[in-house]
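Enquirer: First, the structure itself, so that you have it in front of you.
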Amino acid sequence: MNILLIYPKIPEETFWSLKKAIAFVGKKAALPPLPLLTVGGILKKLKPHWYQRLIDLNVEKLRDKDLEWADMVFVSAMIIQEKSVLEIVEKCKLHEHLKIVAGGPLFTSQATETEDIDYFVLGEAEVTLPQFLQDLDNSHPHHRYETDIKPELSLTPPPHWELLEDKFKFYSSMSVQYSRGCPHMCEFCDIRIMFGQKPRLKDDVQFIHELELLYNTGYRGSVFIVDDNFIGNKVKVKKLLSILRDWLVKHNYPFKFMTEASINLASDEELMSAMSKANFYKVFLGLETPSKDALQECNKGQNIKVDLVEAVHQIQAHGMMVMSGHIVGFDSDDESIFERQIEFIQEIGVAHVMVGLLTVLPKTDLEKRLGKENRLLNKTTGENTGALTFVPKMDKEALINGYYHLLQTIYAPKAYYKRIDVFLEQYKPTVKCRVKTADWGNAKAFVLASCRLGLSSQGLYYWRLVAKTLINKPKVFTEAIELAICGIHFRSVTKRITG
């Protein structure tokens, strides 16, 4: 059996893609498709004699000869990839012999149905994929497989890294997973719905083994631990971090890590220190809003309990660059929220901010509440900068115009470079990365940035940043230039959104 794993295209003009930024270092995508690499690992374990290939449409094209080779196509997708999925299905159906198997959040959460997809394997693949394969062996596969079971991650095989072959060079980072689930109960979030409120973790030996396998591929550099809340179980995470630090020392620091976490990270000095020593250099935080009323409304109590500004400064002082998510459009928001968000974002000194409209995700507590209030509109496309998915309490036009003003203000060169300055004042780098392969890429990025930014209307801000960093903090010069480059992407996305 020939299996073709296809990962759909992610729209380029989104805050998350960073497409225009990573191009400066010669990369095509931020991350490889870990869901399909994991599915590949399950297939490798259960069907070792099957042949597998991977096509990631974010870095390569799908050719007719790929589809002619395959007997079966596996597609995994997020909601935002729906358009690309439909294009893939259309191409596959030109080859009558092909069977299509679909899974992932797009199909699991939205119950998307199309007669052109032969089999839906939904929920967590460790449970439903073996069931499908067994029925396939018996020549009686069902059209749909789904489960609410949250399996132990000891069942999860390592990613099938061999599927990437010579494609490692296309990605700015690799990705691995340590846990699934989140203990918090944010009303708008679907993580608890999909993966459970009790975090499930891989044991230390299993996780280190996965890193060892990645190390053996020859890859060196950034690794994104994709957990939606890496610190969901602090006790076990601290134990892992100690083991991880020893592994890094033994292997001469081949990787540096980034992840997502909740704000209570800043309340745990021991945990911040342990992450710094284990070579964590970036962390994404869902800060959402400076409004305590809005945080109370969306049941994000963990953000109410701390001073958000001081928390961000604490984390960045421990050598971890903060990236943050923000939301406008809560019921308690009035028109003052836009200026409050601007002031808040400038004060925290996070350059890499992503601000979106409140979006109703399928099966969340927010969807249930707004459904009862008869306020639901269109289903989400996965993009939180587009059409409203519900009837807001604030005047719709005021919300959209205020949102546009917020984006245009925070990504304007003056405000953006000011935040880089604030970040550099707080940031105390601790990362140890003895990877030399990135040096040429960084040098190339600096030359390109100097041409693109240094000769533009924002040249004064750019050259001031270059000079100030070289004089006062030369050790963080790479980070400063990286953030300047990211600004190109953010301004491009903002222009697309606001028109």
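Enquirer: Rounded to the nearest 500, what is the chain's calculated 222 nm mean residue ellipticity when only DSSP H runs of at least 4 contribute -39500 (n - 2.57) each, over all residues?
Expert: Mean residue ellipticity, 222 nm, calculated: -13000 deg cm²/dmol.
Enquirer: Relative contact order for the chain: what percent, with Cα pairs under 8 Å and sequence separation of 6 or more?
Expert: 14 percent
Enquirer: Which Cys residues of the chain have no other Cys beta carbon under 4.7 Å away?
Expert: Cys92, Cys182, Cys298, Cys433, Cys451, Cys486
Enquirer: Taking a 26 Å limit on the Cα-Cα distance, which of the listed pairs Lys27/Lys83; Lys234/Lys305; Lys305/Lys418 fall beyond it?
Expert: Lys305/Lys418
Enquirer: Assuming a viscosity of 1.306 mPa s and a temperature of 10 °C, what translational diffusion coefficient in µm² per second does Stokes-Einstein assign to region 173-426, Rh being the Kirkwood radius over Cα pairs?
Expert: Result for D is 82 µm²/s.
Enquirer: With θ set to phi - 60°, apply the Karplus curve 6.51 cos²θ - 1.76 cosθ + 1.60 along region 195-209 and write out the HN-Hα couplings as whole Hz, x wherever there is a Gly or Pro.
Expert: Karplus values, whole Hz, x for Gly and Pro: 10, x, 8, 8, x, 10, 10, 6, 6, 4, 5, 4, 5, 5, 4.
Enquirer: Same structure, new question: Specify which labelled value, from [x] 35, 28, 23; [y] 45, 28, 24; [z] 36, 27, 20, agrees with semi-axes √(5λ) of the Cα gyration tensor in Å derived from the coordinates of the model shown.
Expert: Computed from the coordinates, semi-axes √(5λ) of the Cα gyration tensor in Å corresponds to [x].
Enquirer: Follow-up question, since we're still on this one. Could you check what % of the DSSP bridge pairs in the chain are antiparallel, to the nearest 5?
Expert: Values: 3 of 47 bridges.
Antiparallel bridges: around 5 percent, rounded to the nearest 5.
Enquirer: Which percentage, to the nearest 5, of the DSSP beta bridges contained in region 173-426 is antiparallel?
Expert: Counting DSSP beta bridges with both partners in region 173-426, the antiparallel share is about 10 percent.
Enquirer: Which value, in Å³ per residue, describes the convex hull spanned by the Cα atoms of region 108-208?
Expert: Residue-normalised Cα hull volume stands at 174 Å³.
Enquirer: OK, next. Farthest toward the dipole's positive end in the chain, which of Val476, Phe24, Leu54, given Cβ charges of +1 (Lys, Arg) and -1 (Asp, Glu) about the Cα centre?
Expert: Val476
Enquirer: Which aspartates and glutamates have a Cα lying under 16 Å from the Cα of Lys93, excluding residues fewer than 8 positions away in the same chain?
Expert: Correct list for Lys93: Asp64, Asp66, Glu68, Asp71, Glu113, Glu115, Asp116, Asp118.
Enquirer: Output ³J(HN,Hα) for region 449-463: one whole-Hz value per residue in order, computed from phi by the Karplus curve 6.51 cos²θ - 1.76 cosθ + 1.60 with θ = phi - 60°, and x for Gly and Pro.
Expert: Values, residue by residue: 5, 5, 6, 6, 8, x, 9, 9, 5, 9, x, 4, 5, 5, 5 Hz.
Enquirer: Please label the shape of region 22-165 as rounded, prolate or oblate, based on the square roots a ≥ b ≥ c of the eigenvalues of the alpha-carbon gyration tensor (a/c under 1.5 means rounded; beyond that, a/b larger than b/c means prolate, else oblate). Before the final figure, lay out the partial values.
Expert: Numbers: a/c = 1.37, a/b = 1.19, b/c = 1.16.
It comes out rounded by the Cα gyration axes.
Any read-out appearing in this document is the output of simple, stated calculations on the displayed coordinates, not a laboratory observation. For clarity, every value in this text was computed on a predicted model and none was experimentally measured. Ideal geometry is used to build each Cβ from the backbone, glycine not excepted, and the neighbour counts take in all protein chains shown.
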